[in-house]
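The values are calculated or read from the model by the stated rules, or taken from the named source; none is laboratory data. From a predicted model like this one, the values you see are computed outputs, not experimental measurements. Don't worry about glycine lacking a Cβ; one is built from the backbone with ideal geometry, like all the others, and counts go over all protein chains shown.
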């Protein structure tokens, strides 16, 4: 039945498994747009000034540290999708 309806309406659909949303919520399909969005996203993560640069208890460690609450929130969000 699906194939019959598809031939009648001659509608072409795109699979959304290779798509992401822009900041404004628009779905992007083009490879270059997706790559650019990932670059923006990673830069936003790196430039996040709301987190301290290194743990206060060991100033010799470099980079960011991940809070347990951040991990739990990310896992909870992933399970809901």
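Among residues belonging to region 56-81 that are within 25 Å of residue 19 (Cβ to Cβ) and outside any loop (DSSP other than H, G, I, E, B), point out the one that is modelled with the lowest pLDDT.
Ranking the qualifying residues of region 56-81, first place goes to 80.
Take region 1-55 and flag every residue that is at pLDDT 85 or above, in a loop (DSSP other than H, G, I, E, B) and farther than 22 Å from residue 70 by Cα.
Once the filter is applied, which keeps residues that are at pLDDT 85 or above, in a loop (DSSP other than H, G, I, E, B) and farther than 22 Å from residue 70 by Cα, region 1-55 yields 22, 24, 25, 26, 29, 30.
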